[in-house]
Every structure is written in structure tokens, then in C-alpha cells.
Amino acid sequence: TIVSSQDKQIDKLLKLMDYFKEITLRTTHFTADIIRTIIFNLLLEIADELVSKDHNTTESVQETNNLFYKFTDLVQRHSNQYKEVQYYADQLFISNKYLIQIVKRASGKTPHEIIDERVLKEAYVLLGNPEKTISEISYEIGFNSISAFGRFFKKYSTLSPSEYRKRQNM
């Protein structure tokens, strides 16, 4: 039978408690010293367990932050070509579901929201350049048609790209 490390720890603590109970019933010259030693050992066991759990939590947080940083870096570099969350999960060698959990935990947003925000920021910058047509901009940031870009842009800004551009030039 496989015994978990938690079961082993519980077993060890129970044996220590039984020994403690046995010692408290005795009255010898060193009983008080033995009891102090048992209590000290119990406290050390508990502290060791807490430090171990804290270390694992710290590693988990660092891993989450590291993966989130890598994700945002990939989005920064590739959001014009790749807008699907699965692409980024594949690049990080993790599942789509795990990427969603990590990004949600680190930012409170979904990966899709972060990708869309990046694309939208790029669109705002490019629309500020009057030398580029809206058609050129839509293809540059990875849309197959002006209408797809227009729907995307209007979804987040409530204006069409041309309306946004007109307001910026006022």
C-alpha cells in the first residue's frame, strides 16, 4: 500500500504524542526535561512542515509570474499574427486551461482579453498615423478584412476606425 507523506507525518506526530502521554504519567528525575524536549520536537516538526509548505507556495507563485511574463512577451511580439489563446499555450508548452488559470491569477483578465487589449493599443497607434489607410492597418495587425477589423475595433471603442480617426484629427 502506498502511504502519503502527510499520513507519515501524522503517524509520526501521533507517536510523539503517545510518548508524551506516557512520559507525563511517570515521575522521574528528568521528566520535566523530557517533556520540554518532546514539546520542542513537536514545535520543530510543525515549523518544518510550515516552512516546506511556504517554500512550495513561493515556487508556485514564481512559476506563475514567470509564465505570465513569458505569455505577455509572446503577445507583445506575435499578437498581430496570432490571436488564438491556443497558440500561446502551445508556445509555453502548457494546456489552454492552465494558461487561462495563470493569466487570470496574475492579472484578473483572460488571455483573450490581454491579446485583444494589445491589438487594440496597436490599432490606436496606427490609426494616429494619417499616412496609413484603414485597410493597410487592418492587414498589418492581422485581420483578413476591413470589416473584421471594424467589428473588432467598434466592439471595444464603440466607434468605427474611421470615426475614431476623425475625432482624433479635430
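None of the figures in this text is laboratory data; all of them are computed from the coordinates on show. These numbers were taken from a predicted model, which means no experiment stands behind them. Because the Cβ atoms are built from the backbone with ideal geometry, glycine has one as well, and the counts that use them run over all protein chains shown.
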So for R0 = 35 Å, FRET eff. of Asp90-Leu13 from the Cβ-Cβ r, to 0.05, ends up at 0.20
Mean separation of Cα contacts under 8 Å (at least 6 apart) over the residue count of the chain, i.e. the relative contact order in percent, is 14
Size of electric dipole in segment 38-163: Cβ of Lys, Arg +1 and of Asp, Glu -1, about Cα centre, debye, nearest 20:
540
Per 0.36 nm of contour for each residue apart, how much would the distance between Ile39 and Thr133 grow if the chain were fully extended, relative to their Cα-Cα spacing?
26.1 nm
Where a ≥ b ≥ c are the square roots of the eigenvalues of the C-alpha gyration tensor, would you call segment 2-53 rounded, which needs a/c under 1.5, or, failing that, prolate if a/b is larger than b/c, or oblate?
oblate
Which value, in Å³ per residue, describes the convex hull spanned by the Cα atoms of the chain?
172
Summing -39500 (n - 2.57) over every DSSP H run of at least 4 residues in the chain and dividing by its residue count gives a helix-only mean residue ellipticity at 222 nm, to the nearest 500 deg cm²/dmol, of -26000 deg cm²/dmol
Where does the charge balance sit around Ser157 when Lys and Arg score +1, Asp and Glu -1, over other residues with C-beta under 14 Å from its C-beta?
+3
Which net charge results for the neighbourhood of Gly128, defined as the other residues with beta-carbon distances under 13 angstrom from its beta-carbon, given Lys and Arg at +1 and Asp and Glu at -1?
+3
Order the peptides 19-26, 159-166 from the highest to the lowest mean number of other Cβ atoms within 10 Å of their residues.
159-166, 19-26
Is the shape of segment 88-170 rounded, prolate or oblate, going by the alpha carbon gyration tensor and its root eigenvalues a ≥ b ≥ c, with a/c under 1.5 for rounded and a/b larger than b/c for prolate?
prolate
